[in-house]
Every structure is written in structure tokens, then in C-alpha cells.
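Working notes for the structure below.
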Amino acid sequence: MQIPHEVTARPDTGLYNAKLGIWLFLASEVMLFGGLFSAYIFLRMGAEDGYWPHGLLNVPVGAGNTAILIASSVTVVLAWASLKMRKFSQYKLWMGISILCGALFLIVKLAYEWPQKFEHFGAFIKKDAIEHYEKYLGNHHLKEKGLPPRVEISGHLHEVEIAADPAEKEKLEVFLKQHDLEAKPDEHDAKLQIVCSEKKDKDGKREGIRPGVAEDLEKVPGVKLIAFELGLDPINAAPDNPESDKPHFLYKGPTETPGKIERKDVEFYSSFAPKHSSYFAVYFTITGLHGLHVLAGVLIMLYFWLPIEGGANMFKRNPEHLANRVEVVGLFWHFVDLVWIFVFPIFYLL
Amino acid sequence: MSQAHDHGKEITPGTAHEPATGGDHPHFDMHLGLYLGVGGFLLVATAVTVWLSYVDFDKMFGGHGWNIIIAMIVATVKVGFVGAIFMHLKGEKKLVWQFLYFTLFFVAGLFLLTLLNYSDPIFGTSHAHH
Amino acid sequence: MSTAALTHAPDDNAHDDHHHDPGFWQKWVFSTDHKMIGIQYGTTGLAFLMFGFMLMMVMRWQLAHPGEAVPYIGGLLQAIFGSSAFQPDAKGIPGVLTADGYNSFGAMHGTIMVFFGIVPVAFAAFGNFVVPLQIGAIDMTFPRINMASFWCFFISCIFMCVSFFVPGGAAKSGWTSYPPLSGIADSGALNHFFMNGQTLWVTGMVFNITASLLGSVNFIATIIQLRAPGMTWMRLPFFVWAQFVTAFLLLLAFPPLEAAGVMQLMDRAFGTSFFMPTGLIVNGAATHWSGGGSPILWQHLFWFLAHPEVYVLILPGIGMVAEIIACNTRKPLYGYKAMVGAIFVLGFLSFIVWAHHMYMTGMGAKVSGFFQVTTVMISVPSVILVTALMLSLWGGSIRFTMPMLFATAFLPMFGIGGLTGIPLAFNAVDLYLHDTYYVIGHFHYVVAPGTIFAIFAGVYHWYPKATGRMLNEFLGRLHFWGSLIFINGIFFPMFLQGMAGVHRRWFDGGVTYEQIIKPVIHWNNFMSVSAFLLGAAQIPFIINFCWSIWNGRKASDNPWDATTVEWDTPTPPPHGNFTKEITVHRGPYEYSVPGADKDFTPQTEAPKSDKAHLAAPLVAAPAH
């Protein structure tokens, strides 16, 4: 039993089945990402002044990833054209490059961009305590210039100061051991028992405490967080510097300039994870869903590239069918590219 | 050319009236340059997008939100090229365009009507947001 | 060159025709045959309809007898659903529905009936089984995607069923799952981050939506690409049109809810605040969310789906009723073209009315005004459809077969449901009626004696084609009259209660507010008795359905003397459906054509004379 119009177009529509199907699928994809983008607009418009961060992502890396996707879009359409011209070796070449580009995009995203965010610490300061942290926030300077205020202090978490209940000491010790943390009695204040600090790596460079570990530490029975000590981001290290007024093209990581925040002044703190803010929530959701689409595209293209039945071997039997399949995955791939063309400016630049 | 053309014929018996897709090489050779050209344009446009985002248009034109509008215009142009050339929407069948019109209409509705929510809130009921 | 040869020519001559007998698993379980998938969807969906109704019967017991243990099966229920849903009464007899249990059953009743009962049966089951047959196709365009759709749906069913048995019980934030309630419910340190009712609900919904999307792509592609030669657009049976529009609604309206579902999953599992507002205090303590989100955003995205979803529920039903009315009045549908136009306008407008569910959110007068206007507008195409069906009855020699009984009952019932919706369209009236039993009565009239009666009509109509046996007429009539009487006994008093101000979420049937609603509270008992009797009225149907598969009267290939193409196959249709090349020569409802030798002329019947041939110029000349 053979379904009609699998390869050849139906005369009155001019389309073969899969092409019609992929366009319908893409229509639903437009609505899916439409829903997410409208959530972005909705949340951004509803955000209070200062609560929509700028310049937290690495623009050159993002632009590079954009270029990679665009390049793969070109190669995938060339792969299809090669098949239409029945040039098999060219097809293998262009398709191979497309697959590599897709994989490279994912590697950059998963191995570099995302993990970097999970290491970064940010603390939103309570409204009534904002004034105490003027030296990190520079809101007077911003107000003079008519710029929105800053409400968050971010950087690299170096140390956490805690007060621990001696009765529950064992649980704390288990936790410290589990997470490979050092604890030392605080020199300045005898009442506070311990300062949990980072280990230094071989070169003596600071590693810091992962913000997630600090959150877990707070849940250990008998432990009370007193303060965070961090290496400030450039923007908090020199808040009055006009250089810090606007995001920069070249991303600069946290400095060694120390900053200290009392836990009681913090409204909410976390790593730059999805729960950090509406901004990161939308960022991770959209790029995550987009990443899943990239992964799907890479796997399907790989299937059509490998010398298997239904894949590249189809060329000998029915090259037109293979060309159609490549056209369809190409349409999907261009759509993924197209979504990214919007994702890049709205998260990295604006 | 002949081999491929023969093949195209062989797999579609009795369909001479359908648009021949397998055999017209020159057609695709011509397009190779176009595809590379559009790819190059998109790369340049990406660089332009980045550059434009560091220009303060609000200061230039007054008001606010100009950078967003301009970035979206550039992105839309880029997307237009991807759609028209790579997804060969230029010259695509009517049916596909009909789907697209429908979809774009509804997606626009989804965007606009949720935004209206902020344009006309009843006093005292709007929810505070971060 | 004939069109038939063209469209049915094998595209890929390297493929052999595979006609070998598939094994048990391929034939009955992992089947790619549209008929088997339709039957799978149908049986699963009907089972869920029954389950959802049972949940409601327990709730109705609680409403009529608050605080009393469910008789006979209370102990069993408590053993199954656990102590979060049921508790012993003052005397220690187990089986009193708790407030949490009531919320949970209510939420799951709504979810199951809409997404796991009616859509799978009315859209997926009948669509899968009937549409390819009616357009003369050998299968759906993408049979394997079709199978994937069903199994995706099956996975979502498992999520929903499992959610009853996790600590805390199933989702309890209503079928609309409004945040922040749905964010707070079963969340926090004491609950598993994934194995809790609400998170499983969201995950199940994401799978369910994916299944619907796969299905709708397939339906649209099939209707566009696989129509048999001669089956032009205006020769499509109305049911196919209804399915076509329904598929578009699902295709374009479901993705925003999928996006919202993913966001709610993020809120619950990863602590984001898409829908959680700033400064949320629960039980006097601050929550762990960073805030900054908007509960209204969820409502927009939810209703962007859920309003078109109402039409997803009703349109296939109207389609089935149209088929059955034309067949059993032995005359063409009145105003076929107007109906096709109306259904498109209906589909289109259904996308821009969603916020009439949100008048109470403080949207502002301009936005409310816009949605009020579009909502009133959408009643126009709805009325066109019902009026056309009513007028189709006029002057017909009606055969009151089983399907026809249900189809005729559908019309006034759907009419009541539709007309009671008009007051709700108006902002000012809605502020009073919002969240009362009036709303419950309104939409249940649309979907219960509306769509579910249409589903019953469809089951009685196409059962012979699917099984080769007729359903028993006597049991059928018992089922019909019982259902018709008792379903009105449940839903009509709801209008009275609702207008008196009875709120839909009171779990004690309003005892706490007895002073206010005293004149109407006694209806609770009447409605609950009706519900139990309605349950009893389904027993003949269940017996009939199971017994007739093997023991029913044998059906001929065309037992109803119908014209549409699905009756032109062997009964039951084999894999590949047709034993001959199908060419369509005429419109779908050529009943009682003057001068014809019988009172129906099948679509596939070639015209006899040259003159008749000229009357149908779109027919491809047969030139084999």
C-alpha cells in the first residue's frame, strides 16, 4: 500500500505531502514561539524599573553563534540544491558541514554559555536597604543621568558567612564535606562560628562557592546565613564610572574587587539560573526550547547524511525522494535559524 | 543532466504535466550564487544589528524604545530573506502562503491583545511587577 | 490519462506493495492503519468519559449529602484514592470526600472530559476512522505520525492516571489551572519536585497537546492531499469540513498553551516566576519565588487555546449531526454552502474572543468592549449552523433510527447551551453570573447533551461500518430516553441555582451559605439523583456496545442507504480501505433526487446519460 503524493506533487496543490506537512508544522511552531515571545513582551513591559537586566550575556559569543547558524542555513540549502543537481558528493559535504555547525552551536550553548551563568551570583537588595549599598549600586549617579536604578548586586560568590547552632554541628560538617568546602572560625566576631569559603585550585586562583550550594547551605538545620562576600561584577565594582552606564560589546567577567552583602538586606538571591528573574526565566526557556529544536534538526540531518536506508542510501534508489526529505528538514532548519534571528537581539542586545 | 532527467521521468510515470523538478540543472546552478550572497548579507546584517544596538537612537530621535524598533526592523528584514530565498517562499504555492497569512494574523492577535492589557488597566487593579 | 491513475499511481516504484499479514502487535497495538488508530482513540476516550463521569457522581453525592460517606463504595474509594481525598465520617465510616478531594476531582473531571474524553473521541476517533473513508483515501497522509499521535496521547493518559496516586492526590487547581494557585499547590520542600499532582498534570498536558498537534497536521494534510479524484472541495461531506476547521483550530491555538504549559512546568520544577507575582504571601509566609511574573499572562495563553477548544469540542459534533440528519431525512442539507461558510467564520472568530473569560481580571473597558463585540458576533455563524440543521428537517421523511434520535435531540439541547451563553457575553451581566452554576449549566448544555449526544449519534451511525454489526435498537432506545431525561434533570436546575448566586466552587453544596441560597439549595438533591440515574442509563449502552461486537445483527455494507463514500467499502473496511478505484461524481447529499431509481445516489455512482455528465463538469473522464 502506497500513500499517494509522497514524492510527486499533487497537481491541484502543487505540493508533495511532506512539504505540506512541514509547513503546517511550522505554522504551529510559529504559534508556539509566538506564545513564548508574547510572554517575553508581557513580562518585560510589566517589569519595574531596574528589574529587567541588560548586558549580562556575552555578545561576541552570541553573535558568533548567530553566524554559525546562518552559515549552516546556507549549507543546508546548498545540500538540497546539490541533490537537485544529483551531485551526491557535494551533498555529503554540505550536509556534513550543516551537521557540524548545528553541533558546534549546541556545544557553545551547553558547554560554555549556560554553565557560566550557573556560576554567577546575583542578589536583589530590599527596597529599604538600597541606600546602604550605594557604593555598589551608584543610583545617585544614575538618577542624575535619568537612567533606571540598579537593584541587584552581582558577581562571583567567594565566601558565605554563617552562624551555626553547635547542637546541629554534625549535619553542617557532613554538608561541608559533601560539597568540599572549607570552614574556618571567624576572626572578627567570636559569636559567629564559621566562615565557609572556597577552596583555592592549584594555581591559587579563586574558585568560589556555587550560588546553588549557598542556597542548600541555608537549608541545613541550625545554619543561618549572615553575609555574602563576592568579587563584584565590573558594573558594581565601579558603579559611578560612566563606562558602566551601558552594556559593553566585550563581556567582562567578575572582578576581584570585594563586596559584602548582609543576608538580611537581600530580598532574593540565586545564580543566574532560570529562577533568578523573569529575564533569565524567559531566556532559558526560549533558548532551551530552541536548543531542543537544534538538537532535533541535527539528529534528523544526521539520519539523512548517514549511509543507511531512508538516509543517504536513498540517493541510488530514488534521489528525488531524498531531495524532498532534505528540503523538508531544510525548511525546519531555516525556521530554527529564523527564531534565533529574533532571539539574539532581544536577549543579547536590547 | 540526462541521467537525472531520465530518473525523474522513471519515478513519475504519466505525470508530464507536473512541474519537472529533477532535471533543470541550470536553474539550481544559478541559485548557488544567490544562496551564498544571501548568507553573506545575513552575516553582515548580524554585525549591523550588533552595531546598531550601541547607538543611542532614543537620544537621536527623542522618546524611548527606538533601539527595540530598529533592531526588530533589521531582524524582520533578515527573516524576510531567510523566508523568501532559503525557504523559497518567493514563488511558493498559494496554499503555503494561505497558511502563513492565517498564522501571522493569529500570532499578531496574540501579541497585540495581550499588550492591550497594559494599555487600559482599571485603576487599582494592576498588579505590581518586577 | 485518467485522474484516478494519476493520483493513485505509486510514487516510488522501488517499493513493493506490502500486503503480508501483520502480526498481532502491528495489527492491534502498534498499528498505522487509520481505522485501528481511530478505534484505539475511541475506546480510550470513551473509557475516560466514563471515568470523568464517575468522578462527577462522587462530587454530586458530596453536594447533595455534604459530610456523609459515599454509600456502598465509600470504603473502596478511600482505599483507592487515599486519605487526602477521602476521610471517615464522624461515626468512622470511611468515604467522605474531603475539600481537597473535591477540588481534585473537579479539576480532573474538567481536564479528563475535555482533553481526554471529548477531543479524543469526537475529533481524533471519528476523524481518524471516518475522514479518510469519506474522502476516498487509502489512509492518512502520514500513518506513522498518526501512530505517534496516539501513543503520545497514551503517555499523557498515563501521567493523568498516575497523578491520582501520588502524595497529595491529583491536580486540584481547576481544569483552567490558574496561577498562583496552581503554582503553590503541592509545591514546596515537602513535595517531590516532579511526582506531585499539578506537575504531572502539566507534563501530561504537554504530551496531550503534542498528540493533538501531530494529529491536526495529519488531518489537514490528508484532507488537502488525499481526496479521491472528483472529490472537489464543495463535494466534501460537511463532517469533513468540520474536521478540517477543527484541525486548524487545534493546530494554531494549542501551541500557545503548550508554551504556557512549559512555563508552568518551569515555575513548578525550576522555581521560575512566569506566573508568580512579586511579594506573594501564602499562609503568612513569603514564598520561594523571585516574583515578577503575571498570573494574567497564564489566563491569556490558556484562554487563547481554551476558547477555540470549545469549538474543537462542538464542531465535530455538528459535523456528525449534519451527516446523520441528511441521511435520515432523505434530503440534502439545507444551505450546505452557507454552513461551510459559517463554519469558517466561526473558526476564524473563535481566535479573537478568548478574553471574554477574563472580564473579572480588570482588563479595562476598551479591551472588554472589544471582546464583548467579537463574542456577540460569533453567535451569528453558530445560529446559521443550527438553523440550517433545523431547516433540513423540514419536509423530510424522517426515519427515527437510533443515530437520528440522538441527532434530533442534539439540536434543542445545543440550542439551549448556545442561547444561555449570550448573556455571558455581556460584560455587565457576566460580572454577576461569573463562576456561578449558570456558567456550568451553559457550557454543559453545549458539551454534554450537545457534543456527547452527537458522539452517541456517531457511535450508533458508524458502529456497523467499524464492526460489521448493528447495535441493538431496544437497548439503544432505553439509553436514549434515559439519557435525554436525566441529563436535563442535572443541568437545567443549574440555571436556577446560578441565577440565585450559587457559586461553582462550593464543595459542601452551599450549606455554609444556606441563608443566601435557601430557595434553590433543594435542587442539589434533584440534580444528584438525576446524575446517578443518568449513570444508570449508560448501562444499556455499555452492554449494547460490548455485546453487539459479536452478537449484533449483521450489517450490510451500506445499512443506512447513505450516499457518502465511507459506505462504499467492504464492512469492516480492510487495510487500504477500498476494493475498487474511487472516483467521485457528485455532491455529498444526493438523496431523493427526482428521476433517480432509488432515493439515494452514492457519490461514487457515475452519471448515466451524457446530459447528467454535463451537469457535473468537474468529473474526470474515465479512460481506463
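The values are calculated or read from the model by the stated rules, or taken from the named source; none is laboratory data. Remember, it's a predicted structure, so these values are computed and weren't measured experimentally. Cβ placement follows ideal geometry from the backbone for every residue including glycine, while neighbour counts extend to all protein chains displayed.
With the structure loaded, tell me whether C:Gly169 is over 23 Å from C:His307 (Cα atoms), buried (at least 24 other Cβ atoms within 10 Å of the Cβ) and over 21 Å from the mean Cα position of the chain (by Cα) or whether it fails that test. Even if it seems obvious, please write down each step before you answer.
Values: over 23 Å from C:His307 (Cα atoms): yes; buried (at least 24 other Cβ atoms within 10 Å of the Cβ): yes; over 21 Å from the mean Cα position of the chain (by Cα): yes.
Answer is yes for this residue.
Test A:Leu83 against the stated conditions and say whether it is touching a Pro at 6+ places or on another chain (Cβ under 7 Å), surrounded by 23 or more Cβ atoms within 10 Å (Cβ to Cβ) and in contact (Cβ under 8 Å) with a residue 24 or more places away in the chain.
On the way: touching a Pro at 6+ places or on another chain (Cβ under 7 Å): yes; surrounded by 23 or more Cβ atoms within 10 Å (Cβ to Cβ): yes; in contact (Cβ under 8 Å) with a residue 24 or more places away in the chain: yes.
Against the criterion (touching a Pro at 6+ places or on another chain (Cβ under 7 Å), surrounded by 23 or more Cβ atoms within 10 Å (Cβ to Cβ) and in contact (Cβ under 8 Å) with a residue 24 or more places away in the chain), A:Leu83 qualifies.
C:Gly279 - would you say it is of a type outside the set (Val, Ile, Thr), within 10 Å of chain A (Cβ to nearest Cβ) and assigned to a loop (DSSP other than H, G, I, E, B)? Quick ask: steps written out before the conclusion?
Numbers: of a type outside the set (Val, Ile, Thr): yes; within 10 Å of chain A (Cβ to nearest Cβ): yes; assigned to a loop (DSSP other than H, G, I, E, B): yes.
Against the criterion (of a type outside the set (Val, Ile, Thr), within 10 Å of chain A (Cβ to nearest Cβ) and assigned to a loop (DSSP other than H, G, I, E, B)), C:Gly279 qualifies.
In the range A:265-278, what residues are crowded, with 21+ Cβ neighbours inside 10 Å, in contact with a Lys or Arg (Cβ under 8 Å, 6 or more places away or on another chain) and not polar (S, T, N, Q)?
A:Phe272, A:Ala273
Just one of the numbered conditions (1) at negative phi; (2) touching a residue at least 40 places away in the same chain (Cβ under 8 Å); (3) touching a Ser or Thr at 6+ places or on another chain (Cβ under 7 Å) is not true of C:Val593; which one?
Unmet condition: (2).
Being within 19 Å of A:Tyr112 (Cβ to Cβ) and away from chain C (no Cβ under 14 Å) is the requirement here; does A:Trp340 meet it? Please lay out each step first, then the result.
On the way: within 19 Å of A:Tyr112 (Cβ to Cβ): yes; away from chain C (no Cβ under 14 Å): yes.
So A:Trp340 fits the description; yes.
Residue check, A:Asn324 against (1) surrounded by 18 or more Cβ atoms within 10 Å (Cβ to Cβ); (2) assigned by TED's automatic domain parsing to the domain that holds A:Tyr51; (3) in a loop (DSSP other than H, G, I, E, B); (4) not β-branched (Val, Ile, Thr), all met but one. Which one?
(3)
What number of residues in the range C:465-503 are over 21 Å from the mean Cα position of the chain (by Cα), part of a helix (DSSP H, G or I) and closer than 15 Å to C:Phe406 by Cβ?
Total satisfying the criteria: 8.
Scan the range A:138-146 and give yes if some residue there is within 10 Å of another protein chain (Cβ to nearest Cβ) and either outside any helix (DSSP H, G or I) or more than 24 Å from the chain's Cα centre (by Cα) (or both), otherwise no.
Step one: of the range A:138-146, the residues within 10 Å of another protein chain (Cβ to nearest Cβ) are none.
No: zero hits.
Mind telling me which of the residues A:Gly96, A:Gly64 ends up being within 26 Å of B:Ser53 (Cα to Cα) and part of a helix (DSSP H, G or I)?
Values: A:Gly96 fails: within 26 Å of B:Ser53 (Cα to Cα).
Being within 26 Å of B:Ser53 (Cα to Cα) and part of a helix (DSSP H, G or I) holds for just one of A:Gly96, A:Gly64, which is A:Gly64.
Out of the residues in the range A:52-84 that are more than 7 Å from chain B (Cβ to nearest Cβ) and β-branched (Val, Ile, Thr), which is nearest to C:Thr278 (Cα to Cα)?
A:Val61
Going residue by residue through the range C:196-205, is there one that turns out to be within 14 Å of chain A (Cβ to nearest Cβ) and of a type in the set (Val, Ile, Thr)?
Yes, the range C:196-205 has at least one match.
Counting only residues that are in a helix (DSSP H, G or I) and within 14 Å of another protein chain (Cβ to nearest Cβ), how many does the range C:110-140 have?
Of the residues in the range C:110-140, 1 are in a helix (DSSP H, G or I) and within 14 Å of another protein chain (Cβ to nearest Cβ).
Residues in the range C:312-329: is at least one farther than 27 Å from C:Ala124 by Cβ, surrounded by 22 or more Cβ atoms within 10 Å (Cβ to Cβ) and at pLDDT below 95? Steps first, answer last, please.
Of the range C:312-329, the ones farther than 27 Å from C:Ala124 by Cβ are C:329.
The next check asks that each one be surrounded by 22 or more Cβ atoms within 10 Å (Cβ to Cβ); those that pass are C:329.
Right, trim to at pLDDT below 95 and you get none.
Taking every residue of the range C:312-329 in turn, none turns out to be farther than 27 Å from C:Ala124 by Cβ, surrounded by 22 or more Cβ atoms within 10 Å (Cβ to Cβ) and at pLDDT below 95.
On the basis of being hydrophobic (A, V, I, L, M, F, W, C) and either over 30 Å from C:Trp560 (Cβ atoms) or free of Cβ contacts under 8 Å to residues at least 24 places away in the same chain (or both), does C:Met339 make the cut? Steps first, answer last, please.
On the way: hydrophobic (A, V, I, L, M, F, W, C): yes; either over 30 Å from C:Trp560 (Cβ atoms) or free of Cβ contacts under 8 Å to residues at least 24 places away in the same chain (or both): no.
In short, no.
Can you find, within the range C:343-384, the residue that is farthest from the chain's Cα centre (by Cα) among those that are among the β-branched types (Val, Ile, Thr), within 14 Å of C:His307 (Cβ to Cβ) and within 11 Å of chain B (Cβ to nearest Cβ)?
C:Thr374
Scan the range A:10-21 for residues that are more than 9 Å from chain C (Cβ to nearest Cβ) and within 15 Å of A:Arg325 (Cβ to Cβ) and report the count.
1
Assess whether A:Asp12 counts as being out of contact with any helix residue (DSSP H, G or I) (no Cβ under 8 Å at 6 or more places or on another chain) and closer than 30 Å to C:Gly230 by Cα. Before the answer, list the steps.
Details: out of contact with any helix residue (DSSP H, G or I) (no Cβ under 8 Å at 6 or more places or on another chain): yes; closer than 30 Å to C:Gly230 by Cα: yes.
Considered against the rule, which asks whether it is out of contact with any helix residue (DSSP H, G or I) (no Cβ under 8 Å at 6 or more places or on another chain) and closer than 30 Å to C:Gly230 by Cα, A:Asp12 comes out as yes.
Restricting the range B:74-116 to residues that are in contact (Cβ under 8 Å) with a residue 12 or more places away in the chain and facing another protein chain (nearest Cβ under 7 Å), which is farthest from A:Leu331 (Cα to Cα)? Explain how you work it out, then say what you get.
Of all residues in the range B:74-116, those in contact (Cβ under 8 Å) with a residue 12 or more places away in the chain come to B:74-75, B:77-78, B:81-82, B:85-86.
From the residues that got through so far, the ones that are facing another protein chain (nearest Cβ under 7 Å) too are B:75, B:78, B:82, B:86.
On the way: B:Ala75: 18, B:Lys78: 16, B:Val82: 10, B:Phe86: 8 Å.
Checked the range B:74-116; the qualifying residue farthest from A:Leu331 (Cα to Cα) is B:Ala75.
Search the range C:87-111 for residues that are farther than 10 Å from C:Met59 by Cα and pair each with any residue that is modelled with pLDDT of 95 or more and acidic (Asp, Glu) when their beta-carbon atoms are under 6 Å apart and the residues are at least 6 apart or on different chains.
Correct list of pairs: empty, since none qualify.
Does any residue in the range A:269-285 that is within 8 Å of another protein chain (Cβ to nearest Cβ) come within less than 6 Å, Cβ to Cβ, of a residue that is among the small types (Gly, Ala, Ser) and assigned to a helix (DSSP H, G or I) six or more places away or on a different chain, and which pairs are these?
What qualifies is A:Pro274/A:Ala281.
Considering every residue within the range B:57-77, establish whether at least one is modelled with pLDDT under 90, among the basic types (Lys, Arg) and assigned to a helix (DSSP H, G or I).
So far as the range B:57-77 goes, yes, one or more of its residues are modelled with pLDDT under 90, among the basic types (Lys, Arg) and assigned to a helix (DSSP H, G or I).
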